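I have placed the structure first, in the form of structure tokens, so that the comments after it can refer back to it.
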Ligand code: FPP
């Protein structure tokens, strides 16, 4: 089914859905190894699961879906695997961008763009420019992303402004720093899902996930389907969110 069909369809549980879901797509390599397949095949199946996740997000009434597609630390993997992953990202943008656009999906990329391969840089800019006015679902791709690096970049820009006399250091608070993060303008994630059974954040959305609920699923990313997405959202609804206070608040 094309993404456009489902993203456009009204969602049954639209009211109750978490607004922003962030996903750590872990376990592609182990999925492949368990089947005696090369790691690249795991990543290819991972892209298929990603397509389905974007559709499911639209169906389930999620407004922002963020995925951890390539971390700042992933460059330490073997060159052949990096080449494989880069080729998949390029192919994904080439094959899926028009369909995402037709479905009303806005694409936004977070992470450090300095020093990126010029082809990838161009595809990212094209995807963001084409879909800028869309508002059905915001699909945020964390690419060459690290939470610590993002906060350090924000701090550097604040320091530059303060040194230039354009900003009073005494006026800097959390709301000021947020204006300098890659995610400026986006709501914080309500729910962070990680597949593969690992239970850690791995430098993903360190600032933004301060009050997120975490759901760790014991399945590898290529097996993440609509049922798994619903299971994670059901678990989210069983949590009591207090945001540091005493009384439970419903919704996000
Ligand atoms: C984690 O599995 C997955 C990744 C590091 C990359 C995920 C990337 C994609 C699914 C495709 C590229 C993205 C786009 C936008 C098309 P792992 O390799 O760490 O698995 P393992 O822990 O089992 O080895």
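For the chain, modelled as a GNM whose springs connect Cα atoms under 10 angstrom apart, the maximal fluctuation among 77, 132, 44 occurs at 77.
Mean residue ellipticity, 222 nm, helices only, the chain: the sum of -39500 (n - 2.57) across DSSP H runs of n ≥ 4, divided by residue count and rounded to 500, is -13500 deg cm²/dmol.
For region 143-191, what number results from the quotient of the Cα radius of gyration and 2.2 N^0.38 Å?
On the way: Rg = 11.9 Å, N = 49, 2.2 N^0.38 = 9.7 Å.
Compared with the compact-globule rule of thumb, region 143-191 sits at 1.24.
With q set to 0.12, 0.14, 0.15 Å⁻¹, the log10 of I(q)/I(0) for the chain, from the Debye formula over equal scatterers at the Cα positions, is -0.73, -0.99, -1.14.
Taking N as the number of residues in region 96-135, what is its alpha-carbon radius of gyration divided by 2.2 N^0.38 Å?
Relative to the 2.2 N^0.38 Å estimate, region 96-135 comes out at 1.19.
With the convex hull drawn around the C-alpha atoms of region 149-252, the volume per residue stands at 127 Å³. Here, region 177-237 is characterised by an Rg to Rh ratio of 1.02, where Rg is the alpha-carbon radius of gyration and Rh the Kirkwood radius.
Can you give the extra length, in nm with one decimal, that the chain gains between residue 114 and residue 200 once fully stretched, where that is 0.36 nm per residue apart less the Cα-Cα distance? Numbers along the way, then the final one.
Working: separation 86, 0.36 × 86 = 30.96 nm, distance 2.70 nm.
Gain in length upon complete extension: 28.3 nm.
Across bins of 10 angstrom width beginning at 0, how are the C-alpha pair distances of region 37-179 distributed, in whole percent? Calculated over all Cα pairs of region 37-179, the distribution is 10, 35, 32, 17, 6, 0 percent.
Relative contact order, whole percent, for the chain stands at 27, derived from Cα pairs under 8 Å and 6 or more residues apart. With the convex hull drawn over the C-alpha atoms of region 28-121, the volume per residue is 115 Å³.
Between residue 73 and residue 184, the simple spin-label model (points 7 angstrom out along Cα→Cβ) gives 2.8 nm. In a Debye calculation with equal point scatterers on the alpha-carbon sites of region 21-64 and no solvent, what is log10 I(q)/I(0) at q = 0.18, 0.25, 0.31 Å⁻¹? Taking Cα atoms of region 21-64 as identical point scatterers yields -0.56, -0.81, -1.02. Here the Gaussian network model covers the chain, with springs between Cα atoms less than 10 Å apart; of 47, 184, 215, 184 fluctuates the most. Taking 1.567 mPa s as the viscosity and 4 °C as the temperature, the Stokes-Einstein diffusion coefficient of region 53-105 based on its alpha-carbon Kirkwood radius rounds to 100 µm²/s.
Where a number appears in this text, it was derived from the coordinates with a stated rule and is not lab data. Just so we're clear, the structure is a prediction, and the values are computed from it rather than from any experiment. So basically every Cβ, Gly included, is an ideal-geometry build from the backbone, and we count neighbours across all protein chains shown.
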